[in-house]
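Each reported figure results from applying straightforward, stated rules to the coordinates on display, with no laboratory input. All of these numbers come straight from a predicted model, not from anything done at the bench. So basically every Cβ, Gly included, is an ideal-geometry build from the backbone, and we count neighbours across all protein chains shown.
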Amino acid sequence: MPDFEGSGANVFGQFPQPESNDAGAVDAALQALRCARDEPTSKEAYDAFLWAVGNNHAGTYYPVILAVLPEIEQILVSGAAWAQRATMEALIDLGGSFVPEVGHENHLGASVQQTLQAFIQGMRDHIALLANGRDARAASASDLLELIDDQVVMKGR
């Protein structure tokens, strides 16, 4: 994954992102993910995040997704259960059916889609731990594991 210096809006502003975003849109969406505490706030955070990094209706994302990966990893590793669930649900869409916005397939010489998928695949062991149990995140973790494993099989063909 490319190395990005700085933090917050400074870094996010250096990446192509939806024109509808204001300077704090990505930060606000990440904060919503971190603060998800129940099913309604989890769904709101998931939706806000997909809009902040792409076009949820069109099923596309922008290179700004690369800038948020360290924050996503933090949520998956140490976030609350509902925050982790919202994050994994977003990753299922982003890593599965979503594609880069036309004209934004590469950033700094790297494939945005391949970098995103490599990140998700790299989180497999941690996600497997979240799949054990019966809380809000277990089903989402199982679904994300299925996506990861399917992509690894397809990549090997």
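Let me spell out the model: positive unit charges on the Cβ of Lys and Arg, negative unit charges on the Cβ of Asp and Glu, origin at the Cα centre of segment 7-67. What dipole size does that give, in debye rounded to 20?
140 debye
To the nearest 20 Debye, how big is the dipole of segment 17-115 about its Cα centre, given +1 on the beta carbon of each Lys and Arg and -1 on that of each Asp and Glu?
With only Lys, Arg, Asp and Glu charged at Cβ, the dipole is about 200 debye.
With semi-axes √(5λ) of the Cα gyration tensor in Å defined as stated, name the option among (1) 66, 20, 14; (2) 30, 16, 14; (3) 22, 19, 14 computed from the structure displayed.
Matching the structure shown: (3).
Taking only DSSP H segments of four or more residues, each worth -39500 (n - 2.57), what value at 222 nm results for the chain once the sum is divided by all its residues, to the nearest 500 deg cm²/dmol?
-19500 deg cm²/dmol
Based on the mean of other beta carbon atoms within 10 Å per residue, what is the order of 108-114, 84-90, 119-125, 63-69, most packed first?
84-90, 63-69, 119-125, 108-114
Return the sequence-ordered ³J(HN,Hα) values of segment 18-33 in whole Hz as given by the Karplus equation 6.51 cos²θ - 1.76 cosθ + 1.60 applied to θ = phi - 60°, using x for Gly and Pro.
Per residue, the Karplus-derived 3J(HN,Hα) values read x, 4, 6, 5, 8, 4, x, 4, 5, 4, 5, 5, 5, 5, 4, 4 Hz.
Highest mean first, how do 49-59, 11-21 rank when packing is the count of other Cβ atoms within 10 Å averaged over residues?
With the highest mean Cβ count within 10 Å placed first, the list reads 49-59, 11-21.
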